[in-house]
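Asker: I am attaching a structure below and will ask some questions about it afterwards.
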Amino acid sequence: MKSKTLYPSRYRSSSKQMSMPTVSYDTIHCVGGLDQLTPSLSLNTGAVRDGRNFECAPTLNQQRQPTGGYTRTGGYERYNGEASPSDASYQVIQVTSFTNVPTVGQTLTGFSSSATGQIIAVVEASLYVVLTKIVGAFTSVEVVKVGATTIGTATSTTVSVTALLNAQYKNLAADVYRALIDAVPGSGEVRGVIGATFSGVDCVYAFRDNAAGTACDLYQASASGWTQITLYNEISFTLGGTGTPADGATLTEGGVTATIKRVMLQSGSWAAGTAAGRFIVTNPAGGDFSAGAATAGAVGVTLSAIQTAITITAGGEYEFDVVNFFGQAGTKRIYGADNTNRGFEFDGTTYAPITTGTTNDHPKYVKAHKTHLFWAFESSAIHSGPGLPYTYTALSGGSEIATGDLIAGFQILPGMQTTAAMAIYGSETTHILYGTTAATWSLVPFNSGIGALDHTAQNLAQSYILDNVGLSSLQTSQSYGNFAQSYLTHNIQTFINSKRSLVSCSTVSRAKSQYRLFFTDASALYVTIVNGKLLGSMPQYFADAFSCVWNRRTSTGAEVTYAGAATGGYVFELDQGSSFDGADIDAYITLNWNAVRSPQTLKDFLHASLEIDGNFYAAISFGYELGYATTTLTQQTPVNYATGFSGAPVWDTFVWDSFTWDGVTLFPTEVDMTGTAENYRITIRSGTDYIYPFTVNTIIAHYIPRRGKR
């Protein structure tokens, strides 16, 4: 079999012809991310001039230098504790012949096995159906039916499913399971989502306003979907007697009883008989409590009034911290603030509002620092006594710290545990709080003029924030001051300027070493930073806008990220699946113009080779432009493919080649790239709902240098 040459016939030679001109090779390392400002000839050829839904891969060589690579962004899928869509499987049932042809959506039943499955595809020509949601086991020789209608007789499967069909069938199965996952009940956006591990069980919780918008409800994800958390009652007490009542004790007043879910000491002490605070209790049996003497277990107390049902006012924007103030395996708890209600503590069962005694007691931010619980109230940081999250008196070690600027977040500074440093961000200022207690606090201005936008402070190896100019780390700000060029996102300032007023939330991905910003228009920015060094920033455009996000590691060490939808009420798990909750992932990168180190020399471009890695099916389109896409140069006619792509800029000027790839770790793909010009620009694109992430590492262009331009 003759091998196929890579080059046009005019460059092939015989013994009677002149030798072939020397072919040169230009290697593009896909590194640098999006750059909107650097002049083309000063910019790395692997930098991105335009793109969406790719990420800068956090890969390093043995010398700890970035090796580059652009990874197609992972999908996201709705979540409620039921089976994940991306975990769905399918089965092919082949028949000897179709007695009757079934339709997608019907349930196929094995007559003798009683196994069932939902039909997701019917391939009449090849005599098979594809099933998911399978219960039981079909046998290879049995009549299969839909209801009472015989479809055919199952036989041993001889069908060979291609890589493309495998990806598509897996996606069709995911669609079925996706439809079973419900939104958090209620109305409006998901106001908060958080995951935590209680008693070794990984749990996910979500806040959403009720259907009428009159209150906010709290739900837990479960195997049966979202389950509402019961809110209990609170009742104040004073003059607590000696001895300390425990959670789980019975509160008794005459014939009225209730179970104490949480004992919240706010002042005084049990030993001195001066304890005062609140109990969180179940609905009482035997009537209502009233002001007067009662017993909490064996401890005497004086109740202040009737119990009050706990409710959560609608409209909050939630921030959380997960802390264990009490040092036992079962005492880790979630603390939250939403700028609308009192701060709260939650242990997976009991929601307990915390009263600080502040006027307008509805903090915006919360953070545990050196065993104190800090709350942000406008420009003041108020904290509890050490190890006393319910107590805010000066006698207990609580205090108030004024910052002179509206607080936009707290951040424990990494690497500063021994010196106990916490950043307190304002809109235009940053302070560092040093010390370990109210007696040793020292609030030091960090850099006047540098603050943070709300909900943007995050930690990787360093501390990062977004302000009105761009993304920076505290180290960068301290070293280079308050000017635009000191910002990590200086080269994408056009993007930052258009998005900074739209920030909704932020998080990190530690597995990918990324800082992630999300915006109200369903866009996002993924910034890859490895060992404190910026590898690049890439924009994302999703099918849904996110109102809140939470990242954590589970009890097994797996990293998960959950996001709440701004509309529709769904909670999504990010970096999962092959689609944006069933929608296509339209992804492309357009690289910088590449003059191959000689801007005024014409080159005959012959061919290109792409190095791609991944572990699942991929279908990628390759396009290029020549000579700055000038109209004086005849551009080749585009080739149309059934790619399912949506509209994007200047595709009609591109020459496209299309190929598929599947199931290997590394794969060089040869594509046509022909024409004569001084430079070229490449675009790579992918746009379906069944392709999982893949990484484009390098591109090698084959060319022959020609004369200089005239």
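Derivation of every value follows stated rules applied to the coordinates shown; laboratory data play no part. Values in this document were obtained by computation on a predicted structure and should not be read as measured data. Note that we place each Cβ from the backbone using ideal geometry, even for glycine, and neighbour counts take in every protein chain shown.
Asker: For T489, what residues show an amide H to amide H distance below 5 Å, using hydrogens built from the backbone and excluding near sequence neighbours?
Answerer: Those lying under 5 Å, H to H, from T489 are L471.
Asker: From the C-alpha coordinates alone, can you work out the Kirkwood hydrodynamic radius of the stretch 83-178, in Å?
Answerer: For the stretch 83-178, the Kirkwood estimate is 13.2 Å.
Asker: Across the stretch 88-93, in residue order, what do the Karplus-derived ³J(HN,Hα) couplings come to in whole Hz, using 6.51 cos²θ - 1.76 cosθ + 1.60 with θ = phi - 60° and x for Gly and Pro?
Answerer: Working through the residues one at a time gives 5, 10, 9, 9, 8, 10 Hz.
Asker: Sorting check: for 141-149, 24-32, which peptide has the highest mean count of neighbouring beta carbons within 10 Å, and how do the rest follow?
Answerer: 24-32, 141-149
Asker: If eta is 1.567 mPa s and T is 4 °C, what Stokes-Einstein diffusion coefficient results for the stretch 524-607, Kirkwood Rh from Cα pairs, in µm²/s?
Answerer: Using the Kirkwood radius from Cα pairs, D works out to 77 µm²/s.
Asker: Two decimals is fine: what is log10 I(q)/I(0) at q = 0.14 Å⁻¹ for the stretch 143-236, from a Debye sum with one equal scatterer on every Cα and no solvent?
Answerer: For the stretch 143-236, the Cα-only Debye profile gives -0.78.
Asker: Just to be sure I understand the model, the point goes 7 Å from the Cα along the line to the Cβ. What's the resulting L239 to V101 distance in nm?
Answerer: Rounded to a tenth, the inter-label distance reads 8.6 nm.
Asker: A further question on this structure: Could you compute how fast the stretch 233-309 diffuses translationally, taking Rh as the Kirkwood radius over C-alpha pairs and applying Stokes-Einstein at 37 °C with viscosity 0.692 mPa s? Give it in µm² per second.
Answerer: The diffusion coefficient I find is 280 µm²/s.
Asker: Checking the a/c ratio against 1.5 first, then a/b against b/c, what shape does the Cα gyration tensor give for the stretch 36-103?
Answerer: Note, shape of the stretch 36-103 comes out prolate.
Asker: Order 223-233, 68-78 from most to least packed using the mean count of other Cβ atoms within 10 Å.
Answerer: 68-78, 223-233
Asker: Based on the alpha-carbon gyration tensor of the chain, what equivalent-ellipsoid semi-axes (square roots of 5 times the eigenvalues) come out, in whole Å, largest first?
Answerer: Taking √(5λ) for each eigenvalue gives 56, 38, 17 Å, largest first.
Asker: Taking a ≥ b ≥ c as the square roots of the Cα gyration tensor eigenvalues, with a/c under 1.5 meaning rounded and otherwise prolate when a/b beats b/c, else oblate, which class fits the stretch 85-130?
Answerer: Verdict is oblate for the stretch 85-130.
Asker: On average, how much area does the Cα convex hull of the stretch 144-185 cover when viewed from any direction, in nm²?
Answerer: 5.2 nm²
Asker: For the peptides 555-563, 322-330, 261-269, 422-430, what is the packing order when you average, over each peptide's residues, the other Cβ atoms within 10 Å and list the highest mean first?
Answerer: Result, highest mean Cβ count within 10 Å first: 422-430, 261-269, 555-563, 322-330.
Asker: Once you place label points 7 Å from the Cα toward the Cβ at N283 and T313, how far apart are they in nm?
Answerer: Taking the two extended label points, one gets 2.6 nm.
Asker: Tell me, what is the FRET efficiency for T227 and A629 to the nearest 0.05, using R0 = 60 angstrom and their Cβ-Cβ distance as r?
Answerer: 0.60
Asker: Now, a different point. Can you compute the label reach from T214? Point 7 Å from Cα along the Cβ direction, backbone N cut-off under 12 Å, restricted to the stretch 270-310.
Answerer: none
Asker: Explain nothing, just compute: Karplus ³J(HN,Hα) = 6.51 cos²θ - 1.76 cosθ + 1.60, θ = phi - 60°, for every residue of the stretch 550-559 in order, whole Hz, x for Gly and Pro.
Answerer: 8, 10, 7, 9, 7, 5, 8, x, 6, 8
Asker: A further question follows. Can you list residues whose amide H is under 5 Å from Y365's amide H, if they're 5+ apart or on another chain and H is modeled 1.01 Å from N?
Answerer: Distant-sequence amide H within range of Y365: A376.
Asker: When Rg is the radius of gyration of the Cα atoms in the stretch 583-632 and Rh is its Kirkwood radius, what does Rg/Rh come to?
Answerer: Value, to two decimals: 1.04.
Asker: To the nearest 10 degrees, how steeply does helix 163-179 sit against the main Cα axis of the chain, on a 0 to 90 scale?
Answerer: So the inclination is approximately 30 degrees.
Asker: What ³J(HN,Hα) values, in whole Hz, does the Karplus curve 6.51 cos²θ - 1.76 cosθ + 1.60 give for the stretch 511-516 when θ = phi - 60°, with x put for Gly and Pro?
Answerer: Result, ordered by residue: 5, 9, 6, 10, 9, 10 Hz.
Asker: Could you pull out every one of the aspartates and glutamates with an alpha carbon less than 18 Å from that of K332, ignoring same-chain neighbours closer than 8 positions?
Answerer: Within reach: D202, D247, E319, D321, E345, D347.
Asker: How do W593, W375 line up, fewest other C-beta atoms within 10 Å first?
Answerer: Going from sparsest to densest Cβ surroundings: W593, W375.
Asker: Do the sum for the chain: with -39,500 (n - 2.57) for every DSSP H run of n ≥ 4, divided by all residues, what is the mean residue ellipticity at 222 nm, to the nearest 500 deg cm²/dmol?
Answerer: -1500 deg cm²/dmol
Asker: Follow-up. Which distance in Å, rounded to a whole number, links the C-alpha centroids of the stretch 377-393 and the stretch 84-118?
Answerer: Each part's Cα centre sits 60 Å from the other's.
Asker: I need the shape label for the stretch 479-569. Rule: rounded when a/c is under 1.5, else prolate if a/b > b/c, else oblate, with a, b, c from the alpha carbon gyration tensor.
Answerer: oblate
Asker: Using 0.36 nm per residue, how much length does the chain from F326 to L395 gain when fully extended, once their Cα-Cα distance is taken away?
Answerer: Computed gain between F326 and L395 is 22.9 nm.
Asker: Still on this structure, I have one more. Going through the stretch 536-604, which trypsin sites (Lys or Arg not before Pro) have at most 13 other Cβ atoms within 10 Å and a DSSP loop state?
Answerer: R597
Asker: Measuring from label point to label point, each 7 Å out along Cα→Cβ, what is the T437 to T359 span in nm?
Answerer: Modelled inter-label distance: 3.1 nm.
Asker: Let me ask you something else. Under 5 Å between amide hydrogens, which residues at least 5 positions from K603 or on another chain qualify, with H placed 1.01 Å from N in the peptide plane?
Answerer: Amide H neighbours of K603, under 5 Å, 5+ apart: A677, E678, R706.
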